[in-house]
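The values are calculated or read from the model by the stated rules, or taken from the named source; none is laboratory data. Small disclaimer: the values here were computed from a predicted structure and weren't measured. Here the Cβ is made from the backbone with ideal geometry for all residues, glycine too, and neighbour counts use every protein chain on show.
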């Protein structure tokens with residue numbers, strides 16, 4: 001596998017190269033500017049690009065836009081854990097980057113601490129499916145206009161019912177609505193998640209009666225930015241669970257990055273509680289831990305699990321258990337998933353009621369949980 005490391009810091013280029021080339025099957029080339037990176041895309045032909053967010057002359061966003069238009073390939077952003085770094089990284093993920101690795105401080109110990117994360121995300125990116133959207137140039141131009149505030153986001157179109165002919169199903173999706181009453185939608189997502197969430201959550205109508213709790217694998221500080229962005233484009237209120245957060249209708253709750261989240265009951269109210277990450281689990285916020293906690297406090301028949309793009313198998317076992325205990329589940333289909341690992345494992349376990357592309361998931365949720373039935 002070939003990886004192109006793009007960073008204006010000579011020390012960071014060397015340290016990232018050392019981490020990657022410790023893997024016997026990874027070959028690395030480096031670039032110190034965006035212009036150099038664009039030249040190497042043709043001559044080196046990398047399978048994956050790691051791209052610094054902040055660079056002189058041509059910044060990471062400008063370089064990423066050129067890559068996605070001129071020579072598309074998977075890009076993993078390397079970003080500092082700062083508010084500015086998080087904002088820029090969210091923009092990059094909307095422009096087509098696959099994932100993000102936090103940029104460590106200077107020093108061999110700090111850099112070696114991200115080795116596992118870096119290698120895992122680069123390998124996942126190498127197998128990622130790039131979304132081949134129509135009118136890519138126009139969509140990227142519009143996205144950049146929105147990023148800098150020069151264009152208004154159009155209203156989300158009404159969700160249409162999915163066509164069985166267009167979507168391979170593990171079994172036909174249950175057509176009848178879930179009986180009226182409170183419940184919770186649980187979503188798990190990893191690689192490629194921010195752009196996938198932007199395809200789904202804005203299509204949930206303002207009257208959607210169940211709260212939605214999202215575990216998106218992401219480093220700390222990035223989920224607050226993700227929640228703010230989604231709050232701008234969704235009819236429902238979107239918040240980050242940085243503290244105990246009530247699970248209320250009309251709200252989408254994003255689990256805090258770098259930690260785990262569990263559902264619990266306090267004072268008779270269902271709450272999302274941020275908790276320290278479980279070192280025995282490799283991905284955080286952990287989807288399995290979230291779903292397992294929900295099953296302790298909510299009738300499985302009042303839960304819907306949605307497992308989206310991501311490497312590995314986080315969430316698959318517990319959502320299959322939810323399915324077996326009378327809850328309903330959706331797995332994102334391979335045709336739209338950036339990485340089919342997590343939803344593919346749910347399908348393999350026979351735990352998906354429906355297997356749908358991302359753009360059809362909101363419609364299925366609205367069919368099962370229509371407005372006025374909360």
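Can you find a residue that is modelled with pLDDT of 95 or more, crowded, with 19+ Cβ neighbours inside 10 Å, touching a strand residue (DSSP E or B) at 6+ places or on another chain (Cβ under 6 Å) and not in a loop (DSSP other than H, G, I, E, B) anywhere in segment 205-213?
The answer is yes, given that some residue of segment 205-213 is modelled with pLDDT of 95 or more, crowded, with 19+ Cβ neighbours inside 10 Å, touching a strand residue (DSSP E or B) at 6+ places or on another chain (Cβ under 6 Å) and not in a loop (DSSP other than H, G, I, E, B).
With respect to residue 232, is the statement that it is surrounded by fewer than 23 Cβ atoms within 10 Å (Cβ to Cβ) and under 30 Å from residue 103 (Cα atoms) true?
yes
Quick one: residue 256 ticks every box in (1) under 26 Å from residue 228 (Cα atoms); (2) surrounded by fewer than 24 Cβ atoms within 10 Å (Cβ to Cβ); (3) without any contact (Cβ under 8 Å) to a residue 40 or more places away in the chain bar one, so which box is it?
(2)
Take the conditions free of Cβ contacts under 8 Å to residues at least 60 places away in the same chain and closer than 26 Å to residue 326 by Cβ and apply them to residue 245. Does it pass?
On the way: free of Cβ contacts under 8 Å to residues at least 60 places away in the same chain: yes; closer than 26 Å to residue 326 by Cβ: no.
No: the conditions fail for residue 245.
Might you check whether a residue that is out of contact with any helix residue (DSSP H, G or I) (no Cβ under 6 Å at 6 or more places or on another chain), modelled with pLDDT under 55, over 24 Å from residue 344 (Cα atoms) and not assigned by TED's automatic domain parsing to the domain that holds residue 354 occurs anywhere in segment 92-105?
No: segment 92-105 contains no residue that is out of contact with any helix residue (DSSP H, G or I) (no Cβ under 6 Å at 6 or more places or on another chain), modelled with pLDDT under 55, over 24 Å from residue 344 (Cα atoms) and not assigned by TED's automatic domain parsing to the domain that holds residue 354.
List every residue pair whose Cβ atoms lie under 6 Å apart, where the two residues are 6 or more positions apart in sequence or sit on different chains, the first residue falls within segment 44-65 and is in the same structural domain as residue 31 (by TED's automatic domain parsing) and free of Cβ contacts under 8 Å to residues at least 40 places away in the same chain, and the second residue, located anywhere, is surrounded by fewer than 24 Cβ atoms within 10 Å (Cβ to Cβ) and assigned to a loop (DSSP other than H, G, I, E, B).
Listed pairs, sorted by first residue: 57/33.
Report yes if residue 10 is within 24 Å of residue 130 (Cα to Cα), free of Cβ contacts under 8 Å to residues at least 40 places away in the same chain and assigned by TED's automatic domain parsing to the domain that holds residue 128, otherwise no.
Details: within 24 Å of residue 130 (Cα to Cα): no; free of Cβ contacts under 8 Å to residues at least 40 places away in the same chain: yes; assigned by TED's automatic domain parsing to the domain that holds residue 128: yes.
No.
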